[in-house]
Structures are given as structure tokens and as C-alpha cells.
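Novice: Dropping a structure here in C-alpha cells format, bear with me for questions.
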Amino acid sequence: MNTIALTEALQERGISFTLFSYAMKQNNLAPSQGWDLTIARITSELANPKSSAAYENGIKRIYSDLMYYGSKVVRFYISKDAAKVRALLDKHMVPDTQSFGKSFPLPLPGPQLRKSSVNPTCVFTQSLKSGSTYILCSRQFLIEREKLPDDSLEPQVVKDYGDFDEVIGIRKRWIQLFDVVLVNDKTGVIELRMDGYGRQSLADIEKRLEWLVSAVNAQLAGLGKAYQLKGSINFFPKIAELYDAADGRISELEHATDTAGIHKGKTRKKKADFREDSFHSAAASTAGTLHAYAVSKCWDSPTGVGYIDLKLPGTLRSMATTSTPVVDVACILNCASETDYSFVLSKLL
Amino acid sequence: MNAESAIHKLAIDWASDKDVQAAGEALIRYLFSERSGQLHLSFRRLIEISNSSPGVTFRLAQYLTGETLPLLKQRFELILDDDVWELEDHQVRFAAVHGQLMHPDTGTPVPHYKEHVFPFYEKGDGLVD
């Protein structure tokens, strides 16, 4: 696999450059400033016999890690019998060879991507002792807005339409996402990891997640109702637990008060803890129960390089219901490696 | 180090500039009163806290970020719309040398980056317990 093509694919997939830098450092590779200079640096290291193997293997590992971990929106189900679920999915999840499968692990080139499926399609399966992993690709529509330089309009346009305070460019394009389904028959946990955080809205990611749940359930139909994916793990009780636990740093918090207040706060940097913000801590110490419905918590990576984020995106609406509030997805963000991801899972489950 | 010893040191070093002395005393008292929390002060806040002119505050900030009395550390942040990225020292150095700031997320140059980069001050070694 071409090392530069893998690196360029990570940029094309919208992987945060900071996350890629952390992944390089965790693999003892040296990033430079921005994608272009880093790709130039990797090219030069690949030409050096002393470093070429380290860079070739390292980038391959990083590409895989950022596909499996990176930044994902996750949902967990506990299965009655995960081994049976696994056996059936192993049978039905046949890797595609006609579309996404042709270029996997690289994304399809633009013209071919436009002809591919918008629904998640299995492109890769891996069976290990503890369970199976399935990677599913899909084509998703993206609208990007970018502020353009003030002088980017032709004089004729200004003459016809007048001056504008801001000029915004809109790009509409298709992107390829990589979702992951894991069935662990040792723990009984079925995990759905959705790609696209930061590029798609959470609502759009959840729509694809619901489609995926329906598709998996259709494949499990033969096992009976008891094996269907339903009643996923509710993370709502974790919101207060995460806020109260002294470890890590709270980076965002949304909460309501008994006196009709709705508060949304965040730190301006990942090294700061919102609980230590003078305004928040003074209020929190006297106002009683917090009634938090959404939280983001951040930790330094256990590898010593980078930081990792866990976001529980509850809504005010969930607090207004008469039943127990439900937050059925979590956003596990900025994981440069399995070590990072496992660390966050240990805080979540 | 406590506030009184810091003010004493400032008075010796700036004996010939009473404006910096007065501004510094106000700022040092504030910094020591807030030393248990996490500090993030803009240059405008330094002007307000020290109750001095931008010129006096600039001299004072340079002094307090130096080696003699390191109560502050100067950092930079990139602000685009309502999003903020704290910049690492190596990113700022690269921008100063090459005239290009790479966006921490997109990894591509930020157009007109000088309009979007702002200094801020956090605790220096002299304030960290």
C-alpha cells in the first residue's frame, strides 16, 4: 500500500491534523507543520533507507488506527447471545468487491464514489478469538461553508449586487465514511462506531446509525425477537458521574437549574477544567444540584502524547420527559490509537 | 514567592519608572489573589487590572514574562468565529519565520492569520506552586 496515498487519504477524509500529529508522535514518527510539509517530510523519510521501514509501517498502522478509533459516535448493545449473533453476521457480512471494496482501505476516487451506495456496505471483516469486526463504507453528502477573502468578488458582481460584509463559498460534495461494527462474544457487547464526527451533524450520523441498526436487525431476524438490537446502554447516569469524578478535565457542560436557568459553558482550551472556572465554581458551590444533561470530558492520553475527549450529547428535551432521561450515543474523540480508545471506554462503561 | 516579595523585586528593578511600579503592584496583587485558579488573561485585561496605559502595560507584561520575575507566560490563540485553538509555541514560531500559520485541525494555511491570532497570558513559573 502506497504510504503517501494513505496519508493523503487521511487528509481527504478530514482527519484533524492535530490528531494525525499525535498519532505520528505515538508511533515515534516526526510530523511537520501542516499536511503539505508533513507529506514532504514523509516522502523524504521514505527515501532514506534508515527510516523508510519505520515510516511505511508507522503510517500503515496510523491509517488503520484512525479508521477503527479516531473520532467516533458510538452505541453499545448487550446481546443475549453474542456468539450466535456473531455467527450469523459472519455469514451475512460478505465484503464487497465491486464498489468500495475495490479501493479499500483507501476511499474511492471521486467519479466512482458518486456511483457508490449511500447505505453502509460491508467492505472488510476480521474474525478474532474474542469476536468479529466489520467495516462498512458509505457515500455521504457534505455541504461545507468557507469564508472567502473580501476581495474575492469580481468588480462587476459588486457593481450589480452591491458590497457584501462577508463572502461565503459553499462546496457540495460526496465523502466516504468508514463505520465499524464489533461483536464481542466474550463480553456480549455489540458496538457500533460511526464515522463522520465534525463533518456531518450528529443528527445525520444518528440517522445512518438507525439505518445500520435496522440492517443488522434484518440479518438477525432469523434468530427471533430476543436477538434484535434494542435497548442500548443509556449513558445519561454517566453525565453526573463524569462531572463528579475528580480525574480529567470538564471541557463543556450544559445544565438546567430549578430556577428556570439553562446554562451552557465550555473552556477555551483543553488544558483548562470548566469546574475551576471562577464563575462556574462559585455558582456550583452554592446552587445545589446541577441537573447536567450534556458533558464533555477530556484526559491526557495515557501514552503521554495528546489528549482524548468523551462527549455525552444529551439534550434539554431529554430532561423534560417524565421517564428516565436517555442518552444512547457517546462521542469518543481524538483517539490516536487503541490505547487511547480503550482508556476512554474504561471511563464510559 | 509571595506578593510582597514580588512587589519588592519590581520596585528595585523599576525604581526609575513609577508608572510601571504602580501598575505592577496592582497586577501582582491580583495575580497572587487568583493564583489557585487557572488564569487566562487578554492584554486588555492586563490594562484593566493594572489600571495603566497600553504602553506601560506592554513594558510590564514584557518584564513579568521574562526570567527575572516570571509571573506570567505569554501564549497565543487562534480565534475564528466562535472557535478557539490554543497555539503551541512551535506553531507560533513557524508562523513568525515563514509567514504562514497552519490551522491545527485542517492542517492548511489560515488566510490572513494575523487578524485571527491573539496573545493571552497564563500563570508563569513564579506563580505555579
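The values are calculated or read from the model by the stated rules, or taken from the named source; none is laboratory data. Because the structure is a prediction, the values reported are computed rather than measured. Cβ: placed from backbone, ideal geometry, glycine included. Neighbour counts: every protein chain shown.
Novice: On the given criteria, is B:Ala15 of a type outside the set (Lys, Arg) and away from every other protein chain (no Cβ under 14 Å)? Break it down into steps so the answer makes sense when it comes.
Specialist: Numbers: of a type outside the set (Lys, Arg): yes; away from every other protein chain (no Cβ under 14 Å): yes.
So B:Ala15 fits the description; yes.
Novice: While we're here: Take the residues of segment A:2-57 that are outside any helix (DSSP H, G or I) and at positive phi: which is nearest to the other protein chains (Cβ to nearest Cβ)? Walk me through how you get there before you give the answer.
Specialist: Start the filter on segment A:2-57 by keeping residues that are outside any helix (DSSP H, G or I), which leaves A:2, A:13-16, A:27-33, A:47-51.
Cutting the leftovers down to at positive phi gives us A:14, A:28.
Details: A:Gly14: 8, A:Asn28: 18 Å.
Top of the filtered list is A:Gly14.
Novice: I need the full set of residues from segment B:102-124 which are within 12 Å of chain A (Cβ to nearest Cβ) and crowded, with 19+ Cβ neighbours inside 10 Å, in order please.
Specialist: Listed by number, the residues that qualify are B:Met102, B:His103, B:Pro104, B:Gly107, B:Val110, B:Phe120, B:Lys123.
Novice: Report yes if some residue within segment A:48-56 is buried (at least 19 other Cβ atoms within 10 Å of the Cβ) and closer than 27 Å to A:Pro302 by Cβ; otherwise report no.
Specialist: In the first step, residues of segment A:48-56 are kept if they are buried (at least 19 other Cβ atoms within 10 Å of the Cβ); the result is A:55.
Next, only the ones that are closer than 27 Å to A:Pro302 by Cβ stay: A:55.
For segment A:48-56, residues buried (at least 19 other Cβ atoms within 10 Å of the Cβ) and closer than 27 Å to A:Pro302 by Cβ: present.
Novice: I need a count of the residues in segment A:240-258 that are in a loop (DSSP other than H, G, I, E, B) and modelled with pLDDT of 95 or more. Show your work before the answer.
Specialist: Just the residues of segment A:240-258 that are in a loop (DSSP other than H, G, I, E, B), to begin with: A:245-248, A:257-258.
Now drop any that are not modelled with pLDDT of 95 or more, which leaves A:245-248.
Final tally of qualifying residues: 4.
Novice: Which one of A:Arg75, A:Arg61 is in contact with a helix residue (DSSP H, G or I) (Cβ under 9 Å, 6 or more places away or on another chain), assigned by TED's automatic domain parsing to the domain that holds A:Asp185, within 17 Å of A:Tyr341 (Cα to Cα) and in contact (Cβ under 8 Å) with a residue 24 or more places away in the chain?
Specialist: A:Arg75
Novice: Same structure again: Tell me yes or no: at least one residue of segment A:315-335 is touching a Leu at 6+ places or on another chain (Cβ under 8 Å), surrounded by fewer than 19 Cβ atoms within 10 Å (Cβ to Cβ), at pLDDT 95 or above and not charged (D, E, K, R).
Specialist: no
Novice: Being in contact with a Lys or Arg (Cβ under 8 Å, 6 or more places away or on another chain), touching a residue at least 40 places away in the same chain (Cβ under 8 Å) and not acidic (Asp, Glu) is the filter here, so list the residues in segment A:246-276 that pass it.
Specialist: Passing the criteria: A:Gly248, A:Arg249, A:Ile250, A:Ser251, A:Leu253.
Novice: Which residues, taken from segment A:250-283, are more than 22 Å from B:Pro119 (Cα to Cα), among the small types (Gly, Ala, Ser) and surrounded by 18 or more Cβ atoms within 10 Å (Cβ to Cβ)?
Specialist: Listed by number, the list is empty, since nothing qualifies.
Novice: From the residues in segment B:55-101 that are away from every other protein chain (no Cβ under 14 Å) and part of a loop (DSSP other than H, G, I, E, B), which one is surrounded by the most Cβ atoms within 10 Å (Cβ to Cβ)? Step through it out loud before you land on a result.
Specialist: Here is the first cut: in segment B:55-101, the residues away from every other protein chain (no Cβ under 14 Å) are B:55-72, B:74.
Narrowing the set further to residues that are part of a loop (DSSP other than H, G, I, E, B) leaves B:65-71.
Numbers: B:Thr65: 17, B:Gly66: 13, B:Glu67: 8, B:Thr68: 11, B:Leu69: 20, B:Pro70: 17, B:Leu71: 26.
The selected residue is B:Leu71.
Matching residues to (1) hydroxyl-bearing (Ser, Thr, Tyr); (2) farther than 30 Å from A:Gln11 by Cα:
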position: A:Glu154; (1), (2): no, yes
position: A:Gly188; (1), (2): no, yes
position: A:Lys207; (1), (2): no, no
position: A:Tyr227; (1), (2): yes, yes
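Novice: Go through segment A:243-289 residue by residue and tally those that are of a type outside the set (D, E, K, R) and over 23 Å from B:His40 (Cβ atoms).
Specialist: 11
Novice: Please enumerate the residues belonging to segment B:2-23 that are farther than 13 Å from B:Thr68 by Cα and either in contact with a Gly (Cβ under 6 Å, 6 or more places away or on another chain) or of a type in the set (Lys, Arg) (or both). Walk me through how you get there before you give the answer.
Specialist: Applying the first criterion (farther than 13 Å from B:Thr68 by Cα) to segment B:2-23 yields B:2-4, B:15-23.
Listed by number, the list holds a single entry, B:Lys18.
Novice: If you don't mind, there's one more thing I want to ask. Given the criteria within 18 Å of A:Thr133 (Cα to Cα), in contact with a Pro (Cβ under 9 Å, 6 or more places away or on another chain) and buried (at least 18 other Cβ atoms within 10 Å of the Cβ), does A:Met24 qualify?
Specialist: Working: within 18 Å of A:Thr133 (Cα to Cα): no; in contact with a Pro (Cβ under 9 Å, 6 or more places away or on another chain): yes; buried (at least 18 other Cβ atoms within 10 Å of the Cβ): yes.
When the stated conditions are applied, A:Met24 does not pass them.
Novice: Something else: Which of (1) free of Cβ contacts under 8 Å to residues at least 12 places away in the same chain; (2) not assigned by TED's automatic domain parsing to the domain that holds A:Phe141 is the odd one out, the single condition A:Ser103 does not satisfy?
Specialist: (2)
Novice: Which of the residues belonging to segment A:267-282 are among the hydroxyl-bearing types (Ser, Thr, Tyr) and either more than 9 Å from every other protein chain (Cβ to nearest Cβ) or part of a loop (DSSP other than H, G, I, E, B) (or both)?
Specialist: So the first thing to find is which residues in segment A:267-282 are among the hydroxyl-bearing types (Ser, Thr, Tyr), and the list is A:267, A:278, A:281.
Scanning segment A:267-282 gives a single hit, A:Thr267.
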